[in-house]
Amino acid sequence: KDAAEFLAMNPHGRVPLIDDNGTIVWESHAILRYLAARHGRADFWSEDPGRQSLADRWMDWSQTSLQPAFLTGVFWGFYRTPPEQRNGAAIDKSLALCTQYFRLLDQVLSNQPFLAGDSLTLADIPAGTTLYRYFELE
């Protein structure tokens, strides 16, 4: 697709973006929520706002805390930045935050199999993608 056509669907011009039979959705977590609401089972997308908020809290925490510390601070700051351009103090600060956040996840998951309780929900996807990337690094 050309840039104009893509920009007509997403004014930010960035991926991800899905077109589900004419319903255009962009931004990772918006896509997850849309797909879960449209195609998910009750455990994955709850019509009970209180129950759904258990997953939403973890999704938002992942987006505002875990992912910036790891992706921006460590992954991009270290692995995607040439050595001579790295900010060691900022990377160390991000690593300390990642340690704190990974310990929190470990604590929660030591008491239940998934972040929002006994079954897989949207809560687990953003945190899981960050953990996957972390464990796949050399």
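The values are calculated or read from the model by the stated rules, or taken from the named source; none is laboratory data. Keep in mind it's a predicted model, so treat the numbers as computed, not measured. Here Cβ is always computed from backbone atoms with ideal geometry, including for glycine, and neighbour counts include all displayed protein chains. Ligands, DNA and RNA are excluded from the accessible area calculation, which covers all protein heavy atoms including side chains. Shrake-Rupley method; radii C 1.70, N 1.55, O 1.52, S 1.80 Å.
Just a few scattered comments:
- Restricting attention to segment 62-80, the residues that are free of Cβ contacts under 8 Å to residues at least 24 places away in the same chain, touching a helix residue (DSSP H, G or I) at 6+ places or on another chain (Cβ under 9 Å) and more than 29 Å from residue 19 (Cβ to Cβ) add up to 2.
- Within segment 41-95, restricting attention to residues that are part of a loop (DSSP other than H, G, I, E, B) and among the hydroxyl-bearing types (Ser, Thr, Tyr), the residue that is modelled with the highest pLDDT is 81.
- Single condition residue 96 does not satisfy, out of (1) surrounded by 14 or more Cβ atoms within 10 Å (Cβ to Cβ); (2) over 16 Å from residue 125 (Cβ atoms); (3) of a type outside the set (Val, Ile, Thr): (1)
- Condition broken by residue 14, with the remaining ones in (1) closer than 28 Å to residue 95 by Cβ; (2) modelled with pLDDT of 90 or more satisfied: (2)
- The residues listed here are 106, 19, 118, 48; of these, the one that is of a type in the set (Asp, Glu), open to solvent by 60 Å² or more (accessible area, probe 1.4 Å), within 29 Å of residue 137 (Cβ to Cβ) and without any contact (Cβ under 8 Å) to a residue 12 or more places away in the chain is 106.
- Scoring residue 64 on the criteria (1) closer than 24 Å to residue 105 by Cβ; (2) surrounded by 13 or more Cβ atoms within 10 Å (Cβ to Cβ) leaves a single failure, condition (2).
- Only one of the numbered conditions (1) farther than 23 Å from residue 29 by Cα; (2) modelled with pLDDT of 95 or more is violated by residue 124, and that is (1).
- Remark: residue 7 matches the filter, which requires a residue to be of a type in the set (A, V, I, L, M) and exposed (fewer than 15 other Cβ atoms within 10 Å of the Cβ).
- Among (1) over 23 Å from residue 112 (Cα atoms); (2) within 15 Å of the chain's Cα centre (by Cα), the one test that residue 55 misses: (1)
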